[in-house]
1. Around A:T115, what is the net charge, scoring Lys/Arg as +1 and Asp/Glu as -1 over all other residues with Cβ under 11 Å from its Cβ?
2. From the backbone phi of region A:132-143, what are the Karplus-calculated ³J(HN,Hα) couplings (6.51 cos²θ - 1.76 cosθ + 1.60, θ = phi - 60°) in whole Hz, Gly and Pro given as x?
3. Given H placed on each backbone N at 1.01 Å, which residues far from A:R164 in sequence or on other chains put an amide H within less than 5 Å of it?
4. Tell me, what ³J(HN,Hα) does each residue in region A:79-85 have, in order and in whole Hz, if you take phi through Karplus 6.51 cos²θ - 1.76 cosθ + 1.60 with θ = phi - 60° and put x for Gly and Pro?
5. For peptide B:10-19, compute the average count of partner chain beta-carbon atoms within 10 Å of each residue's beta-carbon.
6. Checking the cross-link filter: which lysines have an alpha carbon closer than 29 Å to that of A:K80, excluding same-chain neighbours under 8 positions apart?
7. By per-residue mean of other Cβ atoms within 10 Å, what is the highest-first order of A:80-92, A:64-76, B:91-103?
8. Sorted from largest down, give the three principal axis spans of the alpha carbons of chain B, whole angstrom values.
Amino acid sequence: MFTTTPALAASIARGATVAELQEAAIAGGMRLLRQTALEKVAQGVSTLSEVDRVVGIGEGTATQRVLVVDDDPVQRKLAKAMLEQCGLAVTEADDGDKAQALFDAGNEPFQLVVTDLCMPKMNGDLLLTHIRQRHGPPVIVLTGSEDGTSEARLIELGADDYVRKPFDPPRFVARVKAALRRAAM
Amino acid sequence: MNEVNADPDVLERLRVVGGPRLVRELIELFMRYAPERITIAKAGIEQGDLGATQRALHSLKSSAGQLGVTAIQEGSSRGESLAANGDAAGAEAALAEIEALWPATREWLTEQVRL
């Protein structure tokens, strides 16, 4: 259970902006109650990801980085928002070529890759194979395929899990957390 | 469901987990992105590149489904399958249906942005 300072509580009560919350959180040196964050989201003042991001500053919460690869900006944005909401850092790529370049460069070590399957240029199959050949991190494949056999094939290719699109955000996050947990064992 | 065959509950669930601002941003992104996908899908048919049509409709299907825009999702799914099977005329007909649905869908989405 997190606690909050009187000053921060007062800021929240008057409908503070995210910037004001950030100042109050830093000044108070404490984190918002999760319930309070949800109330801010419900009021439309902020999103949960923003509140979590703001309150998490300087506390080392975003230590694990996920590479999200999808040519669809809607899916990519949603996946990024959901992962950041649970404290993960996210790097985006809008095609397989860019994802491969980011992975090979190694500037940002990824603990997990979430990739779409059907993309222009390098598709998800090839990206998955590339990562597996280099003993890379776990890979979760996002698939819009309605064909169950393709999912079995993905597992055989080395995917650690797959999530069908459109995805249910809480389930998606749970699968990501489970993959990260298994990888850390 | 409603007159444009969209499911507002899908957006409501997204608002609960991501907040209203994220949902507004996703909708605005989709409203820019969907016409681009339709254009790419049509160009694929005109240029005899049904693979491009298939990919564009596959992508449109997923993002439409993510936002509960069921009619566009179903039309895209149908068009994707037809393109995958080499049926250019069928894919073109599916695209025509999607284009016909777009004005009312865009209007519905615009209303959702204001919520």
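Since every read-out is calculated from the coordinates, none of them should be taken as a lab result. Because the structure is predicted, anything quoted here is derived from the model rather than measured. No Cβ is skipped: glycine too gets one built from the backbone with ideal geometry, and neighbour counts run over all protein chains shown.
1. Local net charge: -4.
2. Going residue by residue, I get 5, 5, 9, 6, x, x, x, 10, 9, 9, 8, 10 Hz, with x marking Gly and Pro.
3. For A:R164, whose amide H was placed from the backbone, the distant partners under 5 Å are A:T143.
4. 4, 4, 4, 5, 6, 5, 4
5. 6
6. Correct list for A:K80: A:K40, A:K98, A:K121, A:K165, A:K177, B:K61.
7. A:64-76, A:80-92, B:91-103
8. 42, 23, 19
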